[in-house]
Amino acid sequence: MEFSSRARQRHARLAGDRREQYPHSLQFYLEPPTESISLVEFESFAIDRLRLLKVVENLGVSYVRACVLQALAEDDYEARRKDHISHFILRLAYCQSEDLRRWFLQQEMDLFRYRFNELTENLMQKFLEHVNLSFEAIGEDLKNQLANELSTSTPGFTLAKVKEQMFYKVGLADAVDLFRARRVFIKDGFAYVPFKEIDVIVLNNYRTKLSKALALTARSLPSIQSDERLQPLLNHLSHSYVGPDYSVQKNTGKISLEQIDALSVKSFPLCMRQLHRALRESHHLRHGGRMQYGLFLKGIGLTLEQALEFWKKEFIRGKVDADKFDKGYAYSIRHNYGKEGKRTDYTPYSCMKIIMSNPPGQGDYHGCPFRHSDPELLKQKLQSYKIPPSGVAQVLELVKGMHYQLACQKYFELTHDVDDIGFSLNHPNQYFTESQKLLNGGREPKKEFNNSGNFQQKNNSQESINSSSTPTSSKEKADTELEGLEAYFTED
């Protein structure tokens, strides 16, 4: 009984500490955590949050169900602790380059936007006070005086709605985005912002703070890199892939070498289609290309014997004779299949690995075409593959926004004539598998392609995210993507 009593006292003390440390369910992550945690917990928290951010990136925040937002519960302080710690771990991992910082910033912004909009009006007000964004609400007299101007300048606001809604007097510097979009009334250097638009102000403030914090964290990297325990973990996290590794395939040996040319056109992602075409034209690939393409072919079902035959036939059509191939290239192929060296059974490269590591140089064909190709060359390539002009424009818009995997998803939709692929794309072999499912009757193709060419990125239009026309298959797949994340903010 004495032990149980002490345990209850300790639990109550910890709960009290958490309550003081996390007074609100949402935060700007201004203060780093100071407690000690194990390396196991460190990696576990980070991987779970990375999975969450990948879901946010690939499916859009409208699919992030309440199960991953339980940190918003007003009495779940342990969940807030996990949210706090995991954010700072990934901040360390993703501050190491400009590309990583931009990706992390965008996904954290989208997650924050969703969470903020899930708060009740009362909790929103408390949060604004908590982060010192207590904007001045205008009085009823002033609102009535400006009613016509507020209605005219604020899209969707009738005079009746103006009278119902609370308006805030905000400095113009804080409302620049609303001003540029002509969504707010301006007078004497102040913007009069309706309560429903206050999230734009909060998000702008959060972006500024997080962007600055990432830059400051990057400056502190040398001291962290000297820690032999943390640096390998952080490097692993920044290039981490959290889906299937495609090391074991049910169709091993079921794909013939004669099928590869046709499959490369119908079911290969652009990166692998590019490599296959380069191999057929030049009868050679450099090491980076052989690794990326060879492991992909292994993943779709080529046996070791088939791989040796495939590469040898192609190479001897070029400047490599059979004897040179056996001595210089066959070993690395057997090595990839775990038959040489350390006997490691290597897995195909994920999208993240291809995008973030070993960029191609002159004469190379590996890498991600959406990440590493010149936009004009990419445009020409897409046109040569009969992608309609509106589709090319959509892909290039995604590339411009550095949404490379989303650009690949759009390429899948355009080449398979579907409106929504219904899954988040993270791996070239996943692309192949889903393509084969679709071509073999696993999905229903759309009737016609929409040539409007209109495109809006998810971070620019909340309406495009929440569209009611989203197919059921997308939501069902989102449920699958989120499986296992229910425990993220609730487990001890």
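The values are calculated or read from the model by the stated rules, or taken from the named source; none is laboratory data. These numbers were taken from a predicted model, which means no experiment stands behind them. Cβ coordinates were reconstructed from backbone atoms using ideal geometry, including for glycine residues, and neighbour counts include every protein chain displayed. Each accessible area value is taken on the protein alone, full model and side chains, heavy atoms only, with ligands, DNA and RNA left out. Shrake-Rupley method; radii C 1.70, N 1.55, O 1.52, S 1.80 Å.
In summary, helices (runs of 4 or more DSSP H) completely within segment 333-418 and bearing 3 or more residues that are within 30 Å of E314 (Cα to Cα) and of a type outside the set (A, V, I, L, M) occur at 369-372, 375-384, 404-416. Just one of the listed residues (K163, K169) is open to solvent by 30 Å² or more (accessible area, probe 1.4 Å), over 29 Å from E57 (Cβ atoms), part of a strand (DSSP E or B) and not aliphatic (A, V, I, L, M), and it is K169.
Taken over segment 365-375, the criterion of being open to solvent by 20 Å² or more (accessible area, probe 1.4 Å) and either under 20 Å from G299 (Cα atoms) or at pLDDT 95 or above (or both) is satisfied by Y365 alone. Please indicate, with yes or no, whether at least one residue in segment 351-359 is small (G, A, S) and in contact with a Leu (Cβ under 9 Å, 6 or more places away or on another chain). Looking for residues that are small (G, A, S) and in contact with a Leu (Cβ under 9 Å, 6 or more places away or on another chain), one finds none in segment 351-359, hence no.
The condition (being surrounded by 10 or more Cβ atoms within 10 Å (Cβ to Cβ), charged (D, E, K, R), at pLDDT 80 or above and assigned to a helix (DSSP H, G or I)) is satisfied by just one residue among R49, R6: R49.
Just so you know, in segment 317-345 the residues that are among the small types (G, A, S) and free of Cβ contacts under 8 Å to residues at least 40 places away in the same chain include one that is farthest from H283 (Cα to Cα), and it is G341.
Scanning segment 299-330 for residues that are more than 41 Å from the chain's Cα centre (by Cα) and in a helix (DSSP H, G or I) yields A322, D323, K324, D326, K327.
Would you call E108 of a type in the set (D, E, K, R), in contact with a Lys or Arg (Cβ under 9 Å, 6 or more places away or on another chain) and open to solvent by less than 20 Å² (accessible area, probe 1.4 Å)? First the steps, then the outcome.
Numbers: of a type in the set (D, E, K, R): yes; in contact with a Lys or Arg (Cβ under 9 Å, 6 or more places away or on another chain): yes; open to solvent by less than 20 Å² (accessible area, probe 1.4 Å): yes.
Answer is yes for this residue.
Across segment 386-412, what is the total count of residues that are touching a residue at least 40 places away in the same chain (Cβ under 8 Å) and surrounded by fewer than 19 Cβ atoms within 10 Å (Cβ to Cβ)? Spell out how you get there, then give the answer.
Applying the first criterion (touching a residue at least 40 places away in the same chain (Cβ under 8 Å)) to segment 386-412 yields 388-391, 393-394, 397-398, 401-406, 408-409, 411-412.
The next check asks that each one be surrounded by fewer than 19 Cβ atoms within 10 Å (Cβ to Cβ); those that pass are 388-390, 393, 397, 401-402.
The number of residues fulfilling the criteria is 7.
Which of the residues belonging to segment 173-201 are open to solvent by 60 Å² or more (accessible area, probe 1.4 Å) and over 14 Å from I138 (Cβ atoms)? Please lay out each step first, then the result.
Of the residues in segment 173-201, the ones open to solvent by 60 Å² or more (accessible area, probe 1.4 Å) are 173-174, 177, 179-180, 182-183, 187-188, 190, 196.
Passing the criteria: A173, D174, D177, F179, R180, R182, R183, K196.
Here is the figure for segment 386-405: residues that are in contact with a Phe, Trp or Tyr (Cβ under 9 Å, 6 or more places away or on another chain) and either in the same structural domain as V55 (by the TED database) or at negative phi (or both) total 13.
Of all residues in segment 155-180, how many are more than 13 Å from I201 (Cβ to Cβ) and out of contact with any Pro (no Cβ under 6 Å at 6 or more places or on another chain)?
Summing the residues that are more than 13 Å from I201 (Cβ to Cβ) and out of contact with any Pro (no Cβ under 6 Å at 6 or more places or on another chain) in segment 155-180 gives 12.
Does Q274 satisfy being in contact (Cβ under 8 Å) with a residue 60 or more places away in the chain and either out of contact with any Cys (no Cβ under 6 Å at 6 or more places or on another chain) or surrounded by 14 or more Cβ atoms within 10 Å (Cβ to Cβ) (or both)?
Values: in contact (Cβ under 8 Å) with a residue 60 or more places away in the chain: yes; either out of contact with any Cys (no Cβ under 6 Å at 6 or more places or on another chain) or surrounded by 14 or more Cβ atoms within 10 Å (Cβ to Cβ) (or both): yes.
Judged against the criteria, Q274 is a match.
Looking for whichever is at pLDDT 85 or above and over 30 Å from P232 (Cα atoms) here; the options are F127, F88. Which one fits? First the steps, then the outcome.
On the way: F88 fails: over 30 Å from P232 (Cα atoms).
From the options F127, F88, the qualifying one is F127.
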